[in-house]
Amino acid sequence: MQTKHDLRTTDRNRGRLSENVKRRDAAALAALRKADPVIAALMDANPDFDPDAWLTQLPRMDAFGVLIFQVIGQQLSVAVTRTLLARLMDRLGGQLPSPEQLLAADPEGIRAVGLSHRKVQTLRELAERFVDGRLSLDELQRLSDEEVVARLTEISGVGRWTAEGFLAIALHRADVVLPGDLALRKAIQRAYGLDHLPSQAEVMAIAEAWRPYRSLAVNYLFASVYRQ
């Protein structure tokens, strides 16, 4: 039985999501190819690309687990974030903690895996809100992208980058950009042949052509950097 803050995804829902994603991605690929020749070239250069493949290098994450990943990963590479996640799992029984488990853990023990005091406090406040019902996956799924960002960024230590990553990974939203991500800005600079690192405003302007499939375009750009 699932409680109001139970964050699990059933096998049936995962199967349904997989089929929906396949149909969505076919439409998205066709639309992006027509909308932007740069993204089309990235598709041609990586024809077997799986946008979710990078997630197989991470522990299985529910919605709260994605927030743990996003908070820990602030200002860090994915490789370093994976290392810190593994240390946290080793300390807490071999899996990412539920909100209740995180609150029951010694904060200093969590900090000892390599987290700042601020990140530990942010994780604890997120956990508290899931436990007491101020945050719930069911509600977040019903909200618009901007409403989700607003709800999450109420919490000290959660900015737009963290909230937008949650939108893309946990909620599978199709139109997320992450303009503040340095790796994305570098990928755009390289792919579009810019003589400067684009500002967040420039990223958003370039990404306008990708609507309503900006998440997939962003994934191709990330892949273009990490395949180098």
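Observations
- Mean separation of Cα contacts under 8 Å, 6 or more apart, over the residue count of region 61-169: relative contact order %: 31 percent
- Size check on region 61-169: the Cα extents along the three principal axes, sorted descending, read 35, 29, 22 Å.
- Cα→Cβ-extended label distance, 7 Å offset, between TYR226 and LYS186, nm: 1.3 nm
- Residues of region 68-97 with amide N under 20 Å of the 7 Å Cα→Cβ point at HIS172: 68-70
- Placing pseudo-labels 7 Å out from each Cα toward the beta carbon at GLU100 and GLU139 gives an inter-label distance of 2.0 nm.
- Here the sum of -39500 (n - 2.57) over DSSP H runs of 4 or more residues, divided by the residues of the chain, equals -18500 deg cm²/dmol at 222 nm, to the nearest 500.
- From the C-alpha gyration tensor of the chain, square roots of 5λ in Å: 31, 20, 17
- A straight chain from ARG87 to ASP50 at 0.36 nm per residue would run longer than the Cα-Cα distance by 10.6 nm.
- The length gained by stretching the chain between ASP62 and GLN75 to full extension, at 0.36 nm per residue less their Cα-Cα distance, is 2.5 nm.
- Using a cutoff of 8 angstrom between alpha carbon atoms and counting only pairs six or more residues apart, the relative contact order for region 168-228 works out to 43 percent.
Any read-out appearing in this document is the output of simple, stated calculations on the displayed coordinates, not a laboratory observation. All of these numbers come straight from a predicted model, not from anything done at the bench. Quick reminder, even Gly has a Cβ in these numbers, built from the backbone with ideal geometry, and neighbours come from all protein chains shown.
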